[in-house]
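J.: First the structure, then my questions, so here it is.
The values are calculated or read from the model by the stated rules, or taken from the named source; none is laboratory data. Everything numeric here is computed off the predicted structure, so don't read it as measured data. Cβ: placed from backbone, ideal geometry, glycine included. Neighbour counts: every protein chain shown. Accessible surface is based on the protein model in full, side chains and every heavy atom, while ligands, DNA and RNA are left aside. Shrake-Rupley method; radii C 1.70, N 1.55, O 1.52, S 1.80 Å.
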Amino acid sequence: MTAANAPRKKRRNLQSDRKARLHQLYSNDDVIKLYEISRNTLTNWIADGLAFIDAEPRLFRGSDLNAFHGRRRVKATGEPLGLFLVNCFGCKRSHSLLEGEISISPGRTEGVFRASLTCPDTGARANRYVCSEEVEAIQRLRETNPGRETRD
Ligand SMILES: [Zn+2]
């Protein structure tokens, strides 16, 4: 008789070697299956700049998936990260640092800042660490993009 509680098959971590088909559209579940990731990981990837088609249901282009993983591998220094999204534990979605009320305070490490955003739905604080170049980019983008304020 074999032990019933044999260790579960170890998951291989080959995500970056996997290629999506350029001209194919992937659903949430397709992406999760393709890279053998959890739903949380997918949420993190989106927060980290993975582009998607804002449809119901959400769709991902194969070319965007490949580009995202390519970017992760070569992450250029100083380049602002996507849309500056922050994971929010209040509403379980992500918010952009380019909208709403944010505050930026120095982190513990020199050159690192903590950007803190108040969730418009739950009032929870969502934090993300950014470098000084990113702080500048955020401030610049917020100035040029006044958001949803009504205009005449
Ligand atoms: Zn929120």
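J.: What does the net charge come to around A20 if you take all other residues with beta carbon closer than 11 Å to its beta carbon, with K and R at +1 and D and E at -1?
T.: Summing Lys/Arg as +1 and Asp/Glu as -1 gives +2.
J.: Follow-up question, since we're still on this one. Calculate one ³J(HN,Hα) per residue across the stretch 111-123 by plugging θ = phi - 60° into the Karplus curve 6.51 cos²θ - 1.76 cosθ + 1.60, and present them in order as whole Hz with x for glycine and proline.
T.: Karplus-based 3J(HN,Hα) across the stretch 111-123 equals x, 10, 10, 9, 8, 10, 10, 9, 4, x, 8, 10, x Hz.
J.: First compute the accessible area of the stretch 85-147 with a 1.4 Å probe, then give the percent of it belonging to carbon and sulfur atoms.
T.: Numbers: 1920 of 4040 Å².
Ligands and nucleic acids excluded, carbon and sulfur give 48 percent.
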